[in-house]
Amino acid sequence: MPIPTPNYHPPFNITRASHVILTVKDLDASYNHYVEILGLIQTERTADTLYLRGIDERAHHSVVLRKSNAPGTVDRIGLRVFMDEDLDKAYAHFNEIGTPCRWVDVPFQGKTLHFEDPNGMPVELCARMDQAESLHDKFQHHRGGHPKAIDHFQMPCQNVTLATQFYAQLGFRISEYTDSDDESQLWGTWLQRKGNPHDIVFTAGKGPALHHFAMQSKDASTIMHITDVVGSMGLEDIIDRQPSRHGIGNAMFVYFRDPDGHRMEFYDAHYQMIDIDHEPIRWPLSNTKRSSIWGVPASRRWYFETSPFTGVERHQSEFPGEPMTLEKMFGS
Ligand SMILES: [Fe+2]
């Protein structure tokens, strides 16, 4: 099937993946994981919420951890638009196409618009946040995995084609995609606004749910070092997928799970995708080098354990079949 065509003149200007709001059981345990071990910066702590950011980020928060009696869910993902007037254009556009949306007040953010996408995923848009100090040149704060900035979110969903069509109309371009070997059905799309391989990724799976959010680390050796540190501290249980290099996006990576099961990726670097003649790259689902160019597939746990969105019912994917897993390849 043909992949959806991007709208190069979208109704409003989304600029990038911005922030994620996760529910957690114990703020102290989350602080220990994200700040003490992985190296994120705490901007603010209130009675029930931790606001964290990366060392390059001037925005008040990119990772928000909200204490909850029903932890392990995701309240919503956040995207930036360029200017406040883009929010008004978004509100008008969503009303025109029948997408549920509403204005909300969110601490430390400017004007904010909530909407639910066609798979039921809750998203918020804003143009402004309170500003914090960039610590990119304050090396005493570069610790753990040296998290620079949030980069992207990956979400399994019931209908990848529907999600891709919706976000393509909002101006997202497809950098890479995976489809069935007979090319009849999309399994996953890597979509971007900021000129690198992805801001949001949709894959076929029970959803909507959050598979992971990703922060850029300093470099590949830092990714190896934080994995060494975690292992030598006896914390290997938080390593969800050991370091390797993705085929899609071509980044070195490692994945960690937090005390509530949320998954965070560190990756080292991405290529640019800006020019109009830059065509999407196709990966058939059976090619295990999509997920790791070294050929070793991920575990079932990595593929199928995800964080549900708060109060949002999940539905099985309509895609037939599953990707190759470690268990399938080695028969365990
Ligand atoms: Fe990722």
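Binning every alpha carbon pair distance of the range 14-131 at 10 Å from zero, what are the percents per bin?
Reading the bins upward from 0: 13, 43, 31, 12, 1.
Over the chain, what is the mean sequence separation of C-alpha contacts under 8 Å (at least six apart), divided by residue count, expressed as relative contact order in percent?
Over the chain, the number comes to 19 percent.
Need one number for the range 33-91: average projected area of the convex hull over its C-alpha atoms, nm².
Convex hull of Cα atoms, orientation-averaged projection: 5.6 nm².
Putting +1 on Lys and Arg Cβ atoms and -1 on Asp and Glu Cβ atoms, find which of GLY72, GLY39, SER62 reaches farthest to the positive end of the dipole of the range 14-131.
So the residue we want is GLY39.
Which lysines have a Cα less than 26 Å from the Cα of LYS67, not counting those fewer than 8 places away in the same chain?
Hits, sequence-local ones excluded: LYS25, LYS111, LYS148, LYS206.
Suppose R0 equals 56 Å; then what is the FRET efficiency for SER184 and GLN140 from their Cβ-Cβ distance, rounded to the nearest 0.05?
0.55
With a cap of 10 neighbouring Cβ atoms within 10 Å, and only residues DSSP puts in a loop, list the chymotrypsin sites (Phe, Trp or Tyr not before Pro) found in the range 147-197.
none
Find the all-direction average of the projected area of the Cα convex hull for the range 147-330, expressing the result in square nanometres with one decimal place. Write out the running numbers ahead of the final one.
On the way: hull surface 43.8 nm².
Here the figure is 10.9 nm², rounded to one decimal.
For the range 62-135, with equal point scatterers placed on the C-alpha atoms only and solvent neglected, what are the log10 I(q)/I(0) values from the Debye formula at q = 0.11, 0.12, 0.22 1/Å, to two decimals?
Values returned for q = 0.11, 0.12, 0.22 Å⁻¹ are -0.32, -0.38, -1.06.
For the range 275-328, state which GluC sites (Glu not before Pro) are in a DSSP loop and have at most 12 other beta carbons lying within 10 Å of their beta carbon.
Of the GluC sites (Glu not before Pro), the ones in loops of the range 275-328 whose Cβ has at most 12 other Cβ atoms within 10 Å are GLU313.
Just to be sure I understand: of the beta bridges DSSP finds with both ends in the chain, what percent are antiparallel, rounded to 5?
Taking every DSSP beta bridge with both residues in the chain, the antiparallel ones total about 70 percent.
Would you mind checking the radius of gyration and Dmax of the chain based on alpha-carbon positions, in Å?
Reported Rg and Dmax, both Å: 18.8, 55.
What is the Cα centroid distance between the range 114-164 and the range 286-332, reported in whole angstrom?
22 Å
Taking one equal scatterer on every alpha-carbon of the range 150-231, how large is log10 of I(q)/I(0) by Debye at q = 0.18 1/Å?
Cα-only, vacuum Debye calculation for the range 150-231: -0.79.
Go ahead and estimate [θ] at 222 nm for the chain from helices alone: -39,500 (n - 2.57) per DSSP H run with n ≥ 4, summed, over the residue count, rounded to 500. Could you put the intermediate results ahead of the total?
Details: 6 runs with 52 residues, N = 332.
Per the formula, -4500 deg cm²/dmol.
Taking the simple approach of a point 7 Å from Cα along Cα-to-Cβ for both GLU322 and LYS206, what is their distance in nm?
Placing both labels 7 Å along Cα→Cβ, they lie 1.1 nm apart.
Taking loop as defined by DSSP and a crowding limit of 15 other beta carbons within 10 Å, which chymotrypsin sites (Phe, Trp or Tyr not before Pro) in the range 254-332 fit?
Here the chymotrypsin sites (Phe, Trp or Tyr not before Pro) that fit, given the DSSP loop and packing criteria, are TYR271, TRP294.
For the chain, set up a Gaussian network in which alpha carbons nearer than 10 Å are linked by springs, and say which option among THR222, THR99, THR43 fluctuates the most.
THR99
If R₀ is 22 angstrom, what is the calculated FRET efficiency for the pair GLN165 and ASP277, using the beta carbon separation as r and rounding to 0.05? Mind showing how you got there, number by number?
Details: r = 22 Å, r/R0 = 1.01.
Once rounded, the FRET efficiency stands at 0.50.
Mean Kyte-Doolittle of at least 0.0 and a Cα length of 15 Å or more along the axis: which whole DSSP H helices of the chain meet both?
Within the chain the helices that satisfy the rule are 220-232.
Taking a virtual spin label 7 Å from the Cα of HIS315 along the C-beta vector, which residues in the range 179-212 bring their backbone nitrogen under 20 Å of it?
185-189, 201-211
Work out the charge dipole of the range 147-330 with +1 on the Cβ of Lys and Arg and -1 on the Cβ of Asp and Glu about the Cα centre, then indicate which of ASN250, THR227, GLY295 is farthest towards its positive end.
The listed residue farthest towards the positive side: THR227.
With a/c under 1.5 counting as rounded, go ahead and sort the range 267-332 into rounded, prolate or oblate using the C-alpha gyration tensor (a ≥ b ≥ c being the square roots of the eigenvalues; past the cut-off, prolate if a/b is larger than b/c, else oblate).
Because a/c hits 1.5 or more and a/b fails to exceed b/c, the range 267-332 counts as oblate.
Based on Cβ point charges of +1 for Lys and Arg and -1 for Asp and Glu, what charge dipole magnitude is obtained for the range 14-131 about its Cα centre, in debye rounded to the nearest 20? Show your work: numbers first, answer last.
Working: 13 positive and 18 negative charges, 23 e Å.
Magnitude of the dipole: close to 120 debye.
Values in this text are rule-based calculations from the coordinates and carry no lab data. The model shown is predicted, which means the values in this text are computed figures rather than measured ones. Counting neighbours? That spans all protein chains shown, and the Cβs are built from the backbone with ideal geometry, glycine included.
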